[in-house]
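The next block holds one structure in the form of structure tokens; read it before the comments.
The values are calculated or read from the model by the stated rules, or taken from the named source; none is laboratory data. Here the structure is a predicted model, which is why all the values come from computation and not from measurement. Please note: Cβ atoms are built from the backbone with ideal geometry, for glycine as well, and neighbour counts cover all protein chains shown.
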Ligand code: BGC
């Protein structure tokens, strides 16, 4: 028997052990942050061998995992009590803690699995078991889907904008429910309701994919929404990308003409029995209050047409029509893998005033994507019109010319029953300003609220400096990402475009991965890219590809290279090897296509292409000689993507292919040099982009890199420290300057405020990245309204340089996914401090520095199970201290070297505080 004394004695022993551990710095080892595939506790995923990731905590520096043990059970009790485990990995000697493969027995369909993990570390400690988390499989077996496709009966108006149909079905729940899942997909968009409650908070479901090849379904845990007795389920459908207007040719019905719903509600009762409610001919349909909706055009809603209680039991649907059972569309259903689109922010008006043209203007202070929530009272039948715009014209009125054919207008007709609140359902707008016409009374700050919507990606990066303009630039980049990562990476959110432009996504992908967790988001999009790639290897301009049957819009240098560059980037930043493996055939196919298109001299002369899109052009008299030929750009990308395929092949253990692509890369590089490079280091037309691409892609002989860098720097200086680059040159411009010993010039260019520059738009009040350097010209006139978005992220690709150089956080090729990193912040442009952090797959990596009075202080935080090379520029080992002590011998420091004028320190996990007296740069 345990007496009170033995308990006290035991706790005393425990206390002594803990204190001893604290005193010796031996804080306990812990495991948390468990994830399966790209999410924590995902439900409805279809990976047959899901991958597990976890994070380790340790109070001591320099902790590495040496082994792990994973356990999977069908219940938490299984795990806690032991016995009956579904899978036990046993103690596995490995340092892998990210994307660890499941290696147990085959997983069943629609089943929840619980799991936990514990780890051993380099100091021979073992952690406690992690908290128990779970994942749930979706409908993974071919026979799992028994529901039929249903929709409203076909009418001649199917191809026209028409009211959103409501579909419903009443059903009985026979007794207490243990668990219930709804599996749902649609042709068009759907909003699901159960017993009068909107199910989940996901928007724009089932998402946008290459619908004819891959159609996503969502899984919802609806256990809490059911009750024994009478129940009802319903869905409202909208045109969305499926059959609404899409693309700049004014087309609709790109994927089909008829809306449809497929739904399966699986109910498991407490007594073990099972019921399944499915879409079938017993469902009924009627039109609802959404009179029309369109992604570009906006939504019209008549609250008088609401059918109160339509998705609840007891609703009288005798006058509703039976649905039609549709033919099964030829596509593959796949579980959603990207974080869903949600409402992510609300914005309050910063100004409300009368518009010169009548109506009330609400300024939300920030350009973004979403809509306005309207709160009003008034008489039935009053219609309020909300128009949306990004900027105001010179008269202070809405500027809408740049929206082209996109109407961006919502209309709400009141039902006249007290306070009414309205948000649109199946549209989104790119805007900062809302103009309301027809408001029944005076407006105040609660009349309109901005609702920002976006793929709900976790913020992973922070970046801040002592320069407020740079901080605004960073915020503008993040808003650009938030605005345009809406289920697919779009070019812009406002005009009749909003498409998954490959080039834009490619150049921005690395920056995107600093700011947010884009692993699942891009994994989804890349699956569509591969699905839409044609058999010759051509990658379409936009993914999902909507120009399927028309002209062949694709196969363009710098755009189609998204097929290679993004998987490689994701492998580098997340260590996602399986994604690389999945995409490898697509990567190769694109590179082989380019190779076939190149001449026997290995120069690809593609004729017209986008080239260095939106660069300052030679035909502009102020920019003589600024245009880079498409031959040079296409051949540079051919070389670069071939190089990356070779590297990917090496990572995937395909040694022969790695060697083949590597030698092909060298041959293309030599051809590039013969064709475009002079012995004196002149590249192509002597443009900034020509130098930037050639240097960044490693295409120049070592002996002339410095000369080429000098020529690039000369051109930048000759233009008064201004850039001339477009979509392809801009992302690599600063990297090539700082990489060829022109760091001060790179800083000067970054902080240039006069046009053209990154900061010029900020001096004009920009709150997002502009598509063009001169969206609003210095004389306040607008660029060509045919193409003048104020929310395009491509030029925001400079964020990558800021994180890596000012913040100092970078990858090290020795360990993908920041298993090994490099911390080497640079000082310049009069900055006195900067801090950056990144949630890596292993945990938080952070760097914060300040420079004042000849002192340089750098704080570094390293996640457990990783290491980094820290570089302190321009100082000597004996002038550097860590936490007040000399470097040699400080805990966690694995190596210290003086390399020329710089000190290079290798550290393990933990927090470090370096200080040094250093020469100014
Ligand atoms: C889009 C771009 C895209 C470009 C290609 C534009 O209309 O907005 O961002 O990359 O076309 O030419």
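Things to note:
- Scanning the stretch 617-643 for residues that are within 16 Å of the ligand (Cβ to nearest atom) and not in a helix (DSSP H, G or I) yields a count of 3.
- Residue that is at pLDDT 95 or above, more than 24 Å from residue 525 (Cβ to Cβ) and within 31 Å of the chain's Cα centre (by Cα), where the choices are 223, 279: 223
- Residue check for residue 814: surrounded by fewer than 19 Cβ atoms within 10 Å (Cβ to Cβ), part of a loop (DSSP other than H, G, I, E, B) and either without any contact (Cβ under 8 Å) to a residue 24 or more places away in the chain or away from the ligand (no atom under 12 Å from the Cβ) (or both): yes
- Condition met for residue 764 (touching a strand residue (DSSP E or B) at 6+ places or on another chain (Cβ under 9 Å) and either within 30 Å of residue 390 (Cβ to Cβ) or within 16 Å of the ligand (Cβ to nearest atom) (or both)): yes
- Meets criteria (within 15 Å of the ligand (Cβ to nearest atom) and within 30 Å of residue 553 (Cα to Cα)) for residue 426: no
- Against the criterion of being modelled with pLDDT of 95 or more and part of a strand (DSSP E or B), residue 856 qualifies.
- The residue list 732, 716 contains one member that is closer than 26 Å to residue 513 by Cα, away from the ligand (no atom under 16 Å from the Cβ) and crowded, with 22+ Cβ neighbours inside 10 Å, which is 732.
- Qualifying residue in the stretch 443-451 (condition: within 16 Å of the ligand (Cβ to nearest atom), outside any helix (DSSP H, G or I) and either touching a strand residue (DSSP E or B) at 6+ places or on another chain (Cβ under 8 Å) or modelled with pLDDT of 95 or more (or both)): no
- Identity of the residue in the stretch 786-809, away from the ligand (no atom under 13 Å from the Cβ) and in contact with a strand residue (DSSP E or B) (Cβ under 9 Å, 6 or more places away or on another chain), that ends up nearest to residue 499 (Cα to Cα): 799
- Within the stretch 558-607, the set of residues being surrounded by 21 or more Cβ atoms within 10 Å (Cβ to Cβ) and outside any helix (DSSP H, G or I) comprises 558, 559, 560, 561, 575, 576, 604.
- Candidates 109, 130 - the one that is in contact with a strand residue (DSSP E or B) (Cβ under 8 Å, 6 or more places away or on another chain), in contact (Cβ under 8 Å) with a residue 24 or more places away in the chain and surrounded by fewer than 19 Cβ atoms within 10 Å (Cβ to Cβ): 109
- Residues in the stretch 827-837 that are surrounded by fewer than 22 Cβ atoms within 10 Å (Cβ to Cβ) and within 18 Å of residue 875 (Cβ to Cβ): 4 in all.
- Within the stretch 154-181, the set of residues being closer than 24 Å to residue 290 by Cα and part of a strand (DSSP E or B) comprises 165, 166, 167, 168, 169, 170.
- Against the test of being farther than 21 Å from residue 205 by Cβ, away from the ligand (no atom under 16 Å from the Cβ) and in a strand (DSSP E or B), the options 235, 230, 282 yield a single qualifying residue, 230.
- Among (1) more than 16 Å from the ligand (Cβ to nearest atom); (2) outside any helix (DSSP H, G or I); (3) within 19 Å of residue 482 (Cβ to Cβ), the one test that residue 778 misses: (3)
- Taken over the stretch 857-882, residues that are more than 28 Å from the chain's Cα centre (by Cα) and over 15 Å from residue 847 (Cα atoms) amount to 8.
- Residues that are exposed (fewer than 13 other Cβ atoms within 10 Å of the Cβ) and in contact with a strand residue (DSSP E or B) (Cβ under 6 Å, 6 or more places away or on another chain), drawn from the stretch 333-372: 346, 350, 351, 353
- Test: residue in the stretch 301-316 that is within 26 Å of residue 791 (Cβ to Cβ), touching a helix residue (DSSP H, G or I) at 6+ places or on another chain (Cβ under 7 Å) and in a strand (DSSP E or B): no
- Positions within the stretch 475-534 being in a loop (DSSP other than H, G, I, E, B) and more than 15 Å from the ligand (Cβ to nearest atom), in sequence order: 487, 517, 518, 533, 534
- Residue check for residue 732: farther than 20 Å from residue 773 by Cα and in contact with a helix residue (DSSP H, G or I) (Cβ under 6 Å, 6 or more places away or on another chain): no
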